[in-house]
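Working notes, beginning with the structure itself.
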Amino acid sequence: MGIRDRRPGAPALVHISVRPSAVGPLTLAVAGRTLVYCGFAPPVAVRRRMARAAPEWCGQILHSAVTTEALEEVGAQLEAYLGGRSREFSLPLDLRLAPLFTREAVTALGGLVPYGRTATYGELAAAMGRPTAARAVGTALAANPLCVVLPCHRIVGSTGRLTGYAGGLRAKQYLLDLEGRPLARGVRAAPDARWR
């Protein structure tokens, strides 16, 4: 799973689509073949976010009733993950919709909380070298533009209690319950299920 902050050259056409899922409707946005948004905000809010964070995409955004190959691939990987048939994603990702501190926080998730584990906001802050920034980490994770794919749902309160999640606490509980179960029959985990 390759993560990029910026892509040089001409901006790719951006397709936005809403897909039903086990955690509720997910808005997906792809630029070319790269996933730039997977979350719970409606398409109009995603467009506004793109206009602020990536003005080079203005005029390149289409709300897709027609699916693209990239949207189909994202949808298939999400369905496999949310159905317990996969533990990882292999998608090219672009984090330009995330503020800098959010980028730092979501990229630090991989080394701290592999599939089936949780950590606290304080532990994530410490892993980022900012041990007193637990509250700021919570705010940063709320701006994660790649929910589910970059697993901010694995971060819990200091007592282990579930706290805020863009998709709501039901969705967060669903994801944590899912990750606590073994893979569906006939499916093998990757040799190293840690997020990279």
Review point. Of everything in segment 107-122 that's open to solvent by 10 Å² or more (accessible area, probe 1.4 Å) and not in a helix (DSSP H, G or I), which residue is nearest to S158 (Cα to Cα)?
Key: T120
Check your understanding: Does V44 count as more than 17 Å from R96 (Cα to Cα), assigned to a strand (DSSP E or B), modelled with pLDDT of 90 or more and open to solvent by 10 Å² or more (accessible area, probe 1.4 Å)?
Key -> no
Point to revise | The one condition in (1) assigned to a helix (DSSP H, G or I); (2) open to solvent by less than 60 Å² (accessible area, probe 1.4 Å); (3) over 23 Å from V14 (Cα atoms); (4) touching a residue at least 24 places away in the same chain (Cβ under 8 Å) that A125 fails to fulfil | key: (4)
Check your understanding: Quick check: anything in segment 141-148 of a type outside the set (A, V, I, L, M, F, W, C), crowded, with 20+ Cβ neighbours inside 10 Å and in contact (Cβ under 8 Å) with a residue 60 or more places away in the chain?
Key -> yes
Review point. Within segment 78-106, how many residues turn out to be closer than 22 Å to V46 by Cα, within 13 Å of the chain's Cα centre (by Cα) and in a helix (DSSP H, G or I)?
Key: 5
**Study point:** Residue list for segment 14-41, filter: more than 20 Å from H153 (Cβ to Cβ) and in a loop (DSSP other than H, G, I, E, B)
**Key:** G32, R33
Check your understanding: With respect to L71, is the statement that it is surrounded by fewer than 19 Cβ atoms within 10 Å (Cβ to Cβ) and over 19 Å from L175 (Cα atoms) true?
Key -> no
Check your understanding: Which of the residues spanning segment 75-98 are on the phi > 0 side of the Ramachandran plot and at pLDDT 95 or above?
Key -> none
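The values are calculated or read from the model by the stated rules, or taken from the named source; none is laboratory data. Note that the coordinates shown come from a computational prediction; the quantities given were computed from them, not determined experimentally. So basically every Cβ, Gly included, is an ideal-geometry build from the backbone, and we count neighbours across all protein chains shown. In case anyone asks, the SASA skips ligands and DNA or RNA and just uses the protein heavy atoms, side chains included. Shrake-Rupley method; radii C 1.70, N 1.55, O 1.52, S 1.80 Å.
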